[in-house]
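The values are calculated or read from the model by the stated rules, or taken from the named source; none is laboratory data. Please read all numbers here as calculations on a predicted model, not as lab measurements. A quick note on method: Cβ atoms are made from the backbone with ideal geometry, for glycine too, and the neighbour counts reach across all protein chains shown. Just so you know, the surface numbers come from the protein's heavy atoms only, side chains and all, with ligands and any DNA or RNA stripped out. Shrake-Rupley method; radii C 1.70, N 1.55, O 1.52, S 1.80 Å.
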Amino acid sequence: MRGVRCVFSLLLKTQKGKVFMGRLIQCCGRLAKRPYHFQLGDTRVYSIEEVCYFIAHNIYLLQRDIFGKGFVNWVREELALTELADKLEAMSTREDALKDVVVTICCSCDYFDEPQINEMVHIMEETEHLPERECRKIKADTQLQSGCYESAVEGYQAILRSEDMMQASPAEYAPLYHNIGVALGLLGEYLQASDYFLRAYETNKKEKSLQCYLAALHLSGNEQAWQEAVSTLRLLPDRLVSIEDQYKECKKRCSIAVKVRQIKKMRFPASNGKLPEYYDRIDEMIRDWKEEYRQQISI
């Protein structure tokens with residue numbers, strides 16, 4: 001599976017981004033008896049650290065009124081953070097920018113370090129005037145680039161279902177379809193991925209979507225579907241040869257990739273009769289994969 005995914009990943013190109021990785025943090029302040037309910041994400045928080053977590057995971061979608069009078073009163077009464085509440089109240093009166101409010105909240109505890117806070121400020125500055133659907137796409141793109149494929153698929157599909165997409169141009173649909181295909185392909189769901197790549201290609205007519213569509217069909221093992229696709233698309237022979245050559249080149253490069261070589265190397269102890277060593281190596285690799293997955297779902 002790793003080797004096959006490697007072939008697929010060499011064909012892909014997605015927008016880069018940054019996310020905040022999950023980590024265990026002790027809540028040092030007071031815990032609220034009555035949680036604060038953020039309508040965004042239907043989220044309830046009990047501490048200032050949980051407020052910071054909420055901010056980081058919704059940084060692309062925050063609005064100024066989310067930290068209004070009700071939130072300030074909750075900080076004062078439930079968390080007993082009088083100084084922070086006074087600052088937020090004064091900022092509300094002055095109508096300070098959202099990024100200044102976020103910095104004030106995040107600096108009130110030790111949840112984030114300075115570079116992380118600066119990164120959030122940078123994100124807010126970049127997305128300040130973007131439509132909500134574009135902010136949601138940036139978040140999903142970030143999840144995809146960071147290996148959180150399931151979360152990315154959910155994010156893109158939520159955008160496609162949203163009323164906000166009624167204001168979108170046809171050209172805005174293709175990147176969503178394509179990136180869902182990317183995420184599904186990297187999850188090994190090649191037939192599903194091919195459907196989305198085809199939708200993207202039918203919308204944008206871009207070579208990258210076509211390449212990924214045919215590659216996903218190849219990797220699914222359904223050669224009949226691949227033949228039917230080639231026939232339906234009526235590709236010129238030279239164009240088809242070019243696409244196939246690129247696919248073969250990716251397979252060749254994949255065969256010498258580090259992770260593929262590591263898996264192949266694991267077989268040596270078994271072939272030499274050293275089964276305990278062989279199983280130890282398998283267990284270690286599975287542990288690494290589990291940890292990688294935990295990191296993905298913690299984002």
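Odds and ends about this structure:
- For the range 46-54, backbone phi angles converted through the Karplus equation (6.51, -1.76, 1.60; θ = phi - 60°) give residue-by-residue couplings of 10, 8, 5, 5, 5, 4, 5, 4, 4 Hz, Gly and Pro being listed as x.
- Amide H contacts under 5 Å for Thr43: Phe38, restricted to partners 5 or more places along the chain or on a different chain, H placed in the peptide plane at 1.01 Å from N.
- Partner aspartates and glutamates whose Cα lies under 17 Å from the Cα of Lys139, excluding those fewer than 8 positions away in the same chain, are identified as Glu119, Glu125, Glu126, Glu128, Glu150, Glu154, Asp164, Glu172.
- Here the Karplus relation 6.51 cos²θ - 1.76 cosθ + 1.60, evaluated at θ = phi - 60°, turns the backbone of the range 62-71 into coupling constants of 5, 10, 4, 6, 5, 10, x, 4, x, 5 Hz, with x for every Gly and Pro.
- Among the GluC sites (Glu not before Pro) in the range 89-135, those placed in a DSSP loop whose Cβ has at most 11 other Cβ atoms within 10 Å are Glu95, Glu128.
- Ordered by solvent-accessible area of protein heavy atoms (1.4 Å probe), largest first, the residues Ile282, Ile159 come out as Ile282, Ile159.
- Trypsin sites (Lys or Arg not before Pro) restricted to the range 160-205 and DSSP loop, no more than 16 other C-beta within 10 Å: Lys205
- If the segment from Asp238 to Asp280 were pulled out straight at 0.36 nm per residue, it would be longer than the present Cα-Cα gap by 10.3 nm.
- Paramagnetic reach from Ala168 (point 7 Å along Cα→Cβ, amide N under 12 Å) across the range 180-199: 180
- Exposure rank, largest accessible area first [Trp74, Trp226; 1.4 Å]: Trp226, Trp74
- Note, ³J(HN,Hα) from phi for the range 173-181, Karplus 6.51, -1.76, 1.60, rounded to Hz, x at Gly and Pro: 6, 4, x, 5, 4, 4, 6, 5, x
- Full-extension gain in nm, His37 to Lys206, via 0.36 nm per residue minus C-alpha separation: 56.5 nm
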